[in-house]
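What follows is a set of notes on a single structure, which appears directly below.
The values are calculated or read from the model by the stated rules, or taken from the named source; none is laboratory data. Fair warning: this is a prediction, and the values are worked out from it, not measured in the lab. We place every Cβ from the backbone using ideal geometry, glycine too, and count neighbours over all the protein chains shown.
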Amino acid sequence: MSETLHKRPHILFLFSDTGGGHRSATEAIIEALHIEFGDRVTTEMVDIFKQYAPLPLNRFPKWYPYMVRVPEIWGFGYRLSDGHGRARLITNTFWPYVRRAAHRLIRGHPCDLMVSVHPLAAAPVLKALGKNRPPFVTVVTDMVTVHALWYHRLTDLCLVATDEARRRAMRCGLSSEQVHVVGMPVADRFCQPPGNKSELRQRLGWPQDRPVIILVGGGEGMGPLEATANAIAAANLHTTLVVITGRNHHLKTRLEKQSRDWPIPAYIYGFVREMPDFMRAADILVTKAGPGTISEALNAGLPMVLYSRLPGQEDGNITYVVDEGAGIWAPHSDQIIHALRQWIEHPEQLARAAQACLRQARPDAARKIAHILGAGVIPNTKPDSRAAATQPRKA
Ligand code: UDP
């Protein structure tokens with residue numbers, strides 16, 4: 001299996017566009033691999049649902065935004081399925097149904113190392129791979145409250161963002177050697193020095209004379225984004241409001257119409273590719289408690305107001321941000337406005353929160369992961385000292 005058609009070591013990433021976080025983390029790791037190792041390694045991303053899952057599971061990325069629109073039901077399902085035994089039951093139940101797809105995936109993508117960046121990839125793929133397989137690494141992209149489905153005992157190495165995620169992995173039966181805390185991988189541009197805010201704003205066409213608030217609801221424009229945008233606009237604070245609706249096209253159209261009547265300058269975007277520039281040009285982020293967005297904001301030194309969360313998987317993210325002073329939990333409009341007003345009227349408090357973000361940031365996470373993966377497959381590559389303890393074990 002590890003003898004691939006590729007001359008250079010080939011790393012296969014298993015992810016899916018359920019939300020935006022799995023893709024962002026995967027792209028960040030691939031970017032870091034090429035920064036660190038140039039073209040000594042080749043990489044490939046496979047969307048496990050869109051490209052391989054049988055009907056109707058291949059529709060999961062399409063359904064996901066609708067499923068999470070009823071967070072209480074999502075949270076109920078999350079809690080019901082969470083737990084080591086339950087995770088095993090789920091994967092065993094689905095195995096007859098996904099077995100052929102898993103085998104097809106493996107045959108179609110020979111590689112020297114597999115990296116799972118999605119909680120539903122490891123179990124079927126490891127089962128289909130059997131004993132004679134390449135090393136298998138899991139990169140967990142939930143930050144604190146991590147579902148048991150992420151943790152498969154046969155994974156050679158499991159890389160997580162926080163100590164709490166590591167403790168949880170061990171409660172799910174992984175050994176201490178298997179699990180390492182590296183932080184959440186984010187694109188390199190989030191981790192560069194801040195640059196010139198006013199130049200960025202000029203390029204983006206945003207006003208210079210007032211603080212900029214970015215409002216975002218993950219890759220799918222989730223949470224009560226529309227109501228929150230209207231509440232912020234109605235508060236008529238001395239700000240510019242930038243709303244990013246992600247892949248929620250209908251919401252973008254509605255907000256474009258509504259924003260014509262808002263009393264403050266407003267800019268409505270769909271899915272943006274320049275999130276690092278947006279975050280570095282802004283002063284405050286108002287966001288759903290998505291792990292990807294939070295980690296990016298921490299690295300960008302951008303204080304955040306968390307206005308919603310997916311019950312279960314995003315619960316722990318709130319305490320992670322709030323306890324360190326990097327952000328505020330404000331699930332109701334009046335709390336959001338209060339938090340924004342406080343920071344706008346007291347810039348010294350905002351500056352303290354920005355410092356707290358940078359203290360929490362893990363700008364080396366993606367490169368650390370790249371070194372661990374690279375050391376596993378590139379001949380004569382010495383893992384750097386940060387990664388030395390965390391090389392993947394050969395299967
Ligand atoms: N994102 C983006 N462009 C957008 C909206 C979101 O690149 O227009 C990215 C965002 O920067 C982050 C990811 O999508 O990397 C969202 O991940 P998160 O874990 O916050 O939420 P999810 O969408 O997975 O629930």
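General remarks:
- Any hit, the stretch 248-257, residues being within 15 Å of the ligand (Cβ to nearest atom), buried (at least 22 other Cβ atoms within 10 Å of the Cβ) and in contact (Cβ under 8 Å) with a residue 24 or more places away in the chain: yes
- Per-region count, the stretch 185-218, residues under 25 Å from the mean Cα position of the chain (by Cα), assigned to a helix (DSSP H, G or I) and buried (at least 16 other Cβ atoms within 10 Å of the Cβ): 6
- Qualifying residue in the stretch 323-340 (condition: buried (at least 21 other Cβ atoms within 10 Å of the Cβ) and within 16 Å of the ligand (Cβ to nearest atom)): yes
- The combined condition, being farther than 27 Å from Ala102 by Cα and touching a helix residue (DSSP H, G or I) at 6+ places or on another chain (Cβ under 7 Å), is not fulfilled by Val179.
- Looking across Asp17, Asp39, one residue alone is among the acidic types (Asp, Glu) and within 13 Å of the ligand (Cβ to nearest atom). It is Asp17.
- Of all residues making up the stretch 179-212, the number that are among the aliphatic types (A, V, I, L, M), more than 11 Å from the ligand (Cβ to nearest atom) and under 18 Å from Arg273 (Cα atoms): 2
- Of the residues screened, Glu72 is not one that is modelled with pLDDT of 95 or more and assigned by TED's automatic domain parsing to the domain that holds Ala169.
- Just one of the listed residues (Ala165, Ala169, Ala161) is buried (at least 22 other Cβ atoms within 10 Å of the Cβ), farther than 28 Å from Asn132 by Cα, outside the structural domain of Gly327 (by TED's automatic domain parsing) and without any contact (Cβ under 8 Å) to a residue 60 or more places away in the chain, and it is Ala165.
- All positions within the stretch 201-219 that are touching an Asp or Glu at 6+ places or on another chain (Cβ under 9 Å) and at pLDDT below 95: Gly219
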